[in-house]
Structure formats: structure tokens, C-alpha cells
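Participant: Got a structure here, written out as C-alpha cells. Questions coming.
The values are calculated or read from the model by the stated rules, or taken from the named source; none is laboratory data. Because the structure is a prediction, the values reported are computed rather than measured. In this analysis, Cβ positions are derived from the backbone assuming ideal geometry, glycine residues included, and neighbour counts consider all displayed protein chains. Side chains are part of the model used for accessible areas, which takes the heavy atoms of the whole protein and leaves out ligands, DNA and RNA. Shrake-Rupley method; radii C 1.70, N 1.55, O 1.52, S 1.80 Å.
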Amino acid sequence: MKSAAVVNYAPEKGSVEIREIPKPTIGDDDVLLEVANVGVCGSDLHQWTADHSWPVNYPVVLGHEFGGHIVEVGSRVVGWKEGDRVVSETAAIIDPNNPMTRQGLYNLDPTRKGFGYGVNGAMTKFVRVPMRILHRVPDSLAFEEACLTEPCCVAFNAVVENSRIKPGDRVIVLGPGTIGILCAAMARLCGAEVAVVGLEADRHRLAIAQQYGCEAIIGDATEWAKKRDGLGADCIIDAAGASITLKIALQLVRPNGHITKVGWGPQPLGFSLDALVQKNVTLQGSFSHNWPIWERVLALLTSGQLDVKPIIGGVWPITEWHEAFEKMHHGEVIKSVLKPV
Ligand SMILES: [Zn+2]
């Protein structure tokens with residue numbers, strides 16, 4: 001039995017097509033998951049346009065934001081059964097003996113391999129998932145939303161774990177993509193006043209940030225940053241995909257403030273970091289997520305405290321992946337969601 005899959009087959013730009021692939025076989029500690037929905041991530045787009053900066057194991061099925069039903073369990077699997085509704089984390093392969101893994105920080109294990117680049121991902125009907133990264137999804141939470149647990153976890157790690165935000169803080173998020181908007185929503189949950197900054201072309205995406213109770217700013221955010229006491233914003237979340245935005249973050253942050261960088265940008269920096277020193281600023285990176293973050297984000301999605309519906313721009317069958325990718329690529333939608341056929 002073969003199923004249609006969105007396959008990234010070579011490093012050249014545009015090397016993505018639908019291929020028929022066999023149903024995966026599972027190991028003793030794995031389950032076979034029948035995918036209900038899979039979100040399109042910026043990293044899927046980057047592999048398609050070939051401007052990614054990580055090694056890819058070609059050919060590979062794209063997609064790492066997914067949920068569905070368990071249809072088969074391995075011989076050593078305990079606590080999971082056929083029919084369970086689940087979402088999966090992204091760390092498909094880790095070294096259990098790596099010191100980072102042993103601290104529970106397997107997201108920072110340098111040998112970690114994820115779905116969609118290291119192993120076959122979820123833009124297809126069936127995917128093999130180790131039981132250690134499964135999380136239960138309650139019946140009340142639709143898969144179209146639950147499949148976006150992953151980017152919500154990226155935002156939770158950046159804003160809640162890796163930043164220090166207190167109620168009443170003024171927080172500026174640079175970049176109105178999926179991660180930027182979800183970081184803004186998380187900062188609102190932390191009790192901050194939040195502004196999301198973008199360009200003229202981001203007008204539509206910034207309007208969605210307003211639905212989360214955020215200020216939308218096109219261009220210069222200096223006035224908003226300095227509004228309270230003239231010193232700058234307490235925290236800047238850099239969720240843009242360009243190095244130059246760090247310069248803006250350094251201008252907007254207040255002395256003794258905090259900058260968390262979650263957006264990737266391969267370009268070298270062309271400016272001085274002296275402001276970081278002079279202002280006594282903390283600069284923090286944030287990468288991926290781990291088990292406790294997933295449990296907490298699922299609780300937020302289930303209770304309705306965090307609502308991802310405003311960012312979903314549409315649901316397409318995977319055979320129409322091209323349209324779904326294009327719409328996100330051009331910023332017409334924040335997040336495209338696919339459905340296997
Ligand atoms: Zn992602």
C-alpha cells in the first residue's frame with residue numbers, strides 16, 4: 001500500500017514533488033501514526049526554496065507539525081493504544097546518553113535529528129513516531145489546531161522559559177510570522193503590553209496580531225518602546241529571519257533589558273554590539289522545546305487560553321501543497337495547514 005507524500009528530493013531550489021511512498025514499518029518502541037493534519041513551517045519553505053542552513057537527508061518527506069490517530073503500536077510500547085489521539089514532538093532521533101538529553105534538554109543534543117529533514121516527516125498518510133515524544137490530545141481539541149502545538153512550543157520556550165517577562169512589561173516582537181505572532185500571544189498571557197513590528201508588506205499579518213490584543217507597528221517602533229519612561233522596552237523578542245533586526249532590538253531595548261533571539265538569519269552581522277555592553281543587556285538564544293513545554297502548551301490550547309485559529313489561513317489536501325506553500329511564502333496567510341489524501 002502506497003500513499004502520496006510531499007517529498008523534498010534534492011538540494012536544488014524547487015526540488016519538492018508529490019511521490020507515492022510505502023507505509024513505514026515501525027520498531028519496538030514506535031507507534032504508527034495516521035496523520036490527520038500537518039502544519040507548513042517556515043523551515044519547510046526554506047528547504048523548498050533551498051535557502052536553509054541545516055543538513056537534509058534527501059530524499060525526505062517534509063513536515064514536522066502534526067497530529068493524528070495511532071493505528072499500530074510496537075511490541076515494547078506501553079500506555080498507548082490504537083485509536084489514541086496524539087501530537088508528536090519533533091526530535092525523532094536523539095542520543096539517550098548525551099549529557100543534554102540526560103538533563104531533559106534533548107532539544108539541545110547536537111546529534112538530534114528531526115522529522116522533515118533528518119527522517120521522513122508527516123506530509124503523508126502514515127508516519128513512524130517513537131513513543132517517548134507522543135502527547136495526548138483531548139477530543140475537544142481539533143487536529144487542525146492541535147497540529148500547531150509545535151510552533152506554540154517554540155514560542156513558549158522563547159517567551160516563558162528563555163525570557164523574563166513580568167505583568168505590565170512592555171514587550172516588542174520583531175517579525176509577524178507564525179513564531180512572532182505566537183510569541184506575542186504568549187507575552188500577552190504573561191501579562192505584558194505587546195507590540196508586533198513588521199514592514200508595509202506585513203499589514204495583513206499585523207492585523208492578526210491585533211486580534212491577540214497587540215499593538216501593530218509598521219516600521220519604526222521607537223516611540224512605542226520609549227512611551228512609558230523614555231528608556232525603551234523591557235524585552236524584545238526577535239522573531240524575524242534577518243540578522244539586521246538585532247540592531248533594531250539593541251536600539252529599542254531599555255538598559256538592563258532582555259533580548260531573546262528565536263528567528264534565524266544566516267547573514268553575518270554588519271554592526272557593533274557595543275550597545276549590548278553599554279546598556280547591560282542580556283542577549284538570549286532560544287531553540288526548539290522539550291516534553292514539559294508540550295504538556296503545558298497542550299493545556300493552554302485545551303483550556304482555550306491560547307487560540308491558534310486566527311493564524312490558520314486555510315487547510316489544503318497535500319496534493320495542493322504548492323498553493324499552500326506559495327500563500328505562506330508571499331505572506332498572504334500566516335499558517336497553511338495540510339491534510340493527507
Ligand atoms: Zn516548525
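Participant: When a/c is below 1.5 the answer is rounded, else prolate if a/b is larger than b/c, else oblate, so apply that to region 168-250 with a ≥ b ≥ c taken from the square roots of the Cα gyration tensor eigenvalues.
Facilitator: rounded
Participant: Once every DSSP H run of n ≥ 4 in the chain is given -39500 (n - 2.57) and the sum is divided by its residues, what mean residue ellipticity at 222 nm do you get, rounded to the nearest 500 deg cm²/dmol?
Facilitator: Rounded to the nearest 500, the figure is -6500 deg cm²/dmol.
Participant: Could you give the dipole magnitude of the chain about its Cα centre, charging the beta-carbon of Lys and Arg +1 and that of Asp and Glu -1, in debye to the nearest 20?
Facilitator: For this selection, approximately 560 debye.
Participant: Right, something else. Report the extension gain between Glu223 and Glu332 in nm, rounded to one decimal, defined as 0.36 nm multiplied by the number of residues separating them, less their alpha carbon distance.
Facilitator: Extra length from Glu223 to Glu332 when fully extended: 36.4 nm.
Participant: Shifting gears a bit: Based on the alpha carbon coordinates of the chain, what radius of gyration and maximum Cα-Cα distance (Dmax) apply, in Å?
Facilitator: Using the Cα atoms of the chain, the pair Rg, Dmax is 19.9, 65 Å.
Participant: Next question. Compare the Cα positions of Ala221, Val129, Ser43 along the charge dipole of the chain (+1 at Cβ of Lys, Arg; -1 at Cβ of Asp, Glu; about the Cα centre) and return the one farthest towards the positive end.
Facilitator: Value: Ala221.
Participant: Also, quick follow-up: So, by mean Cβ neighbours within 10 angstrom, what's the order for 179-192, 204-217 with the highest one leading?
Facilitator: 179-192, 204-217
Participant: Roughly how much of Arg164 is accessible, in Å² to the nearest 10, using a 1.4 Å probe?
Facilitator: 120 Å²
Participant: For region 133-289, calculate the relative contact order in percent as a whole number, restricting contacts to Cα pairs under 8 Å that are 6 or more residues apart.
Facilitator: 22 percent
Participant: Separate question: Which is farthest toward the positive dipole end of the chain among Gln284, Val315, Ala195, measuring Cα position about the Cα centre, with Cβ charges +1 (Lys, Arg) and -1 (Asp, Glu)?
Facilitator: Going by the charge dipole, the pick is Gln284.
Participant: Mind checking the full-extension length gain between Ser303 and Ile93? Use 0.36 nm per residue of separation minus the Cα-Cα distance, one decimal, nm.
Facilitator: 72.5 nm
Participant: At a 10 angstrom cut-off on C-beta neighbours, averaged per residue, how do the peptides 263-270, 238-245, 296-303, 103-110 rank from highest to lowest?
Facilitator: 238-245, 296-303, 103-110, 263-270
Participant: Contour minus end-to-end for Asp28 and Glu161, with contour as 0.36 nm per residue of separation and end-to-end as the Cα-Cα distance?
Facilitator: 44.5 nm
Participant: Relative to the Cα centre, what is the charge dipole magnitude of region 155-285, using +1 at the beta carbon of each Lys and Arg, -1 at the beta carbon of each Asp and Glu, and rounding to the nearest 20 debye?
Facilitator: Roughly 160 debye for region 155-285.
Participant: Hey, what did the chain get for relative contact order, percent, Cα under 8 Å, at least 6 apart?
Facilitator: Worked out over the chain, it gives 17 percent.
Participant: A follow-up question, please. For the chain, what is the percent of antiparallel DSSP beta bridges, rounded to the nearest 5?
Facilitator: Rounded to the nearest five, the antiparallel share is 55 percent.
Participant: Once the Cα atoms of region 241-320 are picked out, what are the Rg and Dmax in Å?
Facilitator: Spelled out, the Cα radius of gyration and Dmax of region 241-320 are 17.9, 53 Å.
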